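The structure appears right after this line, and notes come after that.
Laboratory data are not the source of any read-out in this text; all were calculated from the coordinates shown. Since the model is a prediction, treat every value here as computed from it, not as a measurement. Glycine also receives a Cβ, built like all others from the backbone with ideal geometry; neighbour counts cover every protein chain displayed.
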Amino acid sequence: MLNYEQQEKWSKIVPNWQSPINIETLNTINVDAKKKILLFDDEYRFVNIVNKGNNLQYDGKGKAVIEGREFGFQQLHFHFPAEHTINGKDNPMELHFVHQNMIGQIAVVALFVKLGEFSKELDSFFQDFPAIESQKDPFSATLGLNSLIASLESGVYHYLGSLTTPPLVKNVEWWVIEKPITVSAEQLDKLKQRFNHGNAREKQPLNERKVIHYSLI
Ligand SMILES: [Zn+2]
């Protein structure tokens with residue numbers, strides 16, 4: 001029975017659902033999506049780039065419809081190496097597209113990056129960066145997330161977690177795209193030279209959470 005005289009103890013029974021996690025494909029719930037789960041504006045428009053010290057934040061505008069609910073795109077940033085893993089497999093980098101809806105619910109679309117072919121779509125993101133911490137510069141670029149993700153013919157993993165940087169906000173929806181995009185070694189090096197210390201949070205325990213796999217987005 002809940003003890004209403006000791007409500008301060010309730011917080012101890014809140015599940016600790018944090019991110020990132022390792023996704024074990026044998027333990028995911030497989031769902032055949034009847035229609036598109038993730039829909040993005042044809043183009044996200046980026047307006048600013050901010051030097052966040054150990055990260056770069058690209059502020060932008062755009063809309064996503066996630067499971068039929070509308071979210072506004074807010075910003076893109078990177079992690080070296082990738083924070084999530086699938087069956088323990090590391091990727092050199094992970095992109096986080098952060099979205100929020102009208103009541104403050106956060107949904108992050110995570111896209112793995114591996115070494116391979118030059119990425120024309122991402123190249124403008126690997127150019128000049130603001131040199132000083134907290135410096136914000138105008139940044140003009142567009143990114144067609146729909147076509148970029150559709151070209152991967154990828155499934156997506158979905159689970160509930162948190163932001164991976166303080167304040168580690170909980171109840172964040174994660175949509176982790178299964179297949180990576182590629183960038184060239186030269187492109188990756190440009191960012192790595194600048195952020196060579198790495199900025200990935202350690203893996204967090206899954207606890208009693210479930211991860212859903214949609215076969216095609
Ligand atoms: Zn992130």
Quick note, segment 53-160: a/c under 1.5 would make it rounded; otherwise a/b > b/c is prolate and the rest oblate (a ≥ b ≥ c, C-alpha gyration tensor); here it is rounded
Helix 185-194 vs. the chain, principal-axis angle (Cα, 0 to 90°, nearest 10): 70
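Give, in nm to one decimal, the length gained when the segment between Asn101 and Lys179 is fully stretched (0.36 nm per residue of separation minus the Cα-Cα distance).
Stretched out fully, the Asn101 to Lys179 stretch lengthens by 25.5 nm.
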To the nearest 20 debye, what charge dipole does segment 17-214 have about its Cα centre, counting +1 at the Cβ of each Lys and Arg and -1 at the Cβ of each Asp and Glu? 360
Just to be sure I understand the model, the point goes 7 Å from the Cα along the line to the Cβ. What's the resulting Asn16 to Arg194 distance in nm? 3.5
Pull up the cross-link candidates among the aspartates and glutamates for Lys114, meaning alpha carbon to alpha carbon under 14 Å and not fewer than 8 places away within one chain. Glu83, Asp90, Glu94, Glu178, Glu186, Asp189
Does segment 17-214 come out rounded, prolate or oblate by the C-alpha gyration tensor, with a ≥ b ≥ c the root eigenvalues, rounded set by a/c under 1.5 and, if not, prolate when a/b is larger than b/c and oblate if not? rounded
Cα to Cα, under 25 Å, and not fewer than 8 places away if on the same chain: which lysines meet these conditions relative to Lys63? Lys34, Lys35, Lys36, Lys52, Lys120, Lys136, Lys170, Lys179
Using only helices, what value at 222 nm comes out for the chain when you add -39,500 (n - 2.57) per DSSP H run of length 4 or more and divide by the total residues, to the nearest 500 deg cm²/dmol? -2000 deg cm²/dmol
Using 7 Å Cα-to-Cβ label points, what is the Asn54/Thr142 separation (nm, one decimal)? 3.6
